[in-house]
């Protein structure tokens, strides 16, 4: 948790829209893994997770080639089918068919 006497924070997470900006804290989180409520500009409040305000967040990077295991894609497809499905054919079913095709091709 940050020092409660400090009221301004820099957004260090490079993928956040306010990256590099200093923001004023309106309220601090109750838990160490919470979010700080900040005021970006007068009347515009939002919550930013504490980890995005840590300098360590600026060192996070992405791989050029994404790596997702086929089993994880299948689990996501099944979850989408459960959440979006109502017994009628839907875009979720098309997604599941695509994932099944992709997973079969990876074997």
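The values are calculated or read from the model by the stated rules, or taken from the named source; none is laboratory data. Keep in mind it's a predicted model, so treat the numbers as computed, not measured. Methodologically, a virtual Cβ is constructed for each residue, glycine included, from the backbone with ideal geometry; neighbour enumeration extends over all protein chains shown.
Across region 34-83, what is the number of residues that are outside any helix (DSSP H, G or I), in contact with a strand residue (DSSP E or B) (Cβ under 8 Å, 6 or more places away or on another chain) and touching a residue at least 12 places away in the same chain (Cβ under 8 Å)? Full working, then the answer.
The initial filter retains those residues of region 34-83 that are outside any helix (DSSP H, G or I), namely 34-49, 54, 60-69.
Among the residues that remain, those that are also in contact with a strand residue (DSSP E or B) (Cβ under 8 Å, 6 or more places away or on another chain) are: 34-40, 45-49.
Restricting the remaining residues to those that are touching a residue at least 12 places away in the same chain (Cβ under 8 Å) gives 34-40, 45, 47-49.
Counting residues in region 34-83 that are outside any helix (DSSP H, G or I), in contact with a strand residue (DSSP E or B) (Cβ under 8 Å, 6 or more places away or on another chain) and touching a residue at least 12 places away in the same chain (Cβ under 8 Å) gives 11.
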Taking region 20-33 and keeping residues in a loop (DSSP other than H, G, I, E, B) and touching a strand residue (DSSP E or B) at 6+ places or on another chain (Cβ under 9 Å) leaves 20, 21, 28, 29, 33
Residue 73 fails exactly one of (1) touching a helix residue (DSSP H, G or I) at 6+ places or on another chain (Cβ under 6 Å); (2) at pLDDT 80 or above; (3) exposed (fewer than 14 other Cβ atoms within 10 Å of the Cβ), namely (3)
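Let's see how each residue does on (1) modelled with pLDDT of 90 or more; (2) surrounded by fewer than 14 Cβ atoms within 10 Å (Cβ to Cβ); (3) in contact with a helix residue (DSSP H, G or I) (Cβ under 7 Å, 6 or more places away or on another chain):
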| residue | (1), (2), (3) |
| --- | --- |
| 12 | yes, no, yes |
| 16 | yes, no, yes |
| 30 | no, yes, no |
| 38 | no, no, no |
| 52 | yes, no, no |
| 56 | yes, yes, no |
| 59 | yes, yes, no |
| 64 | no, yes, no |
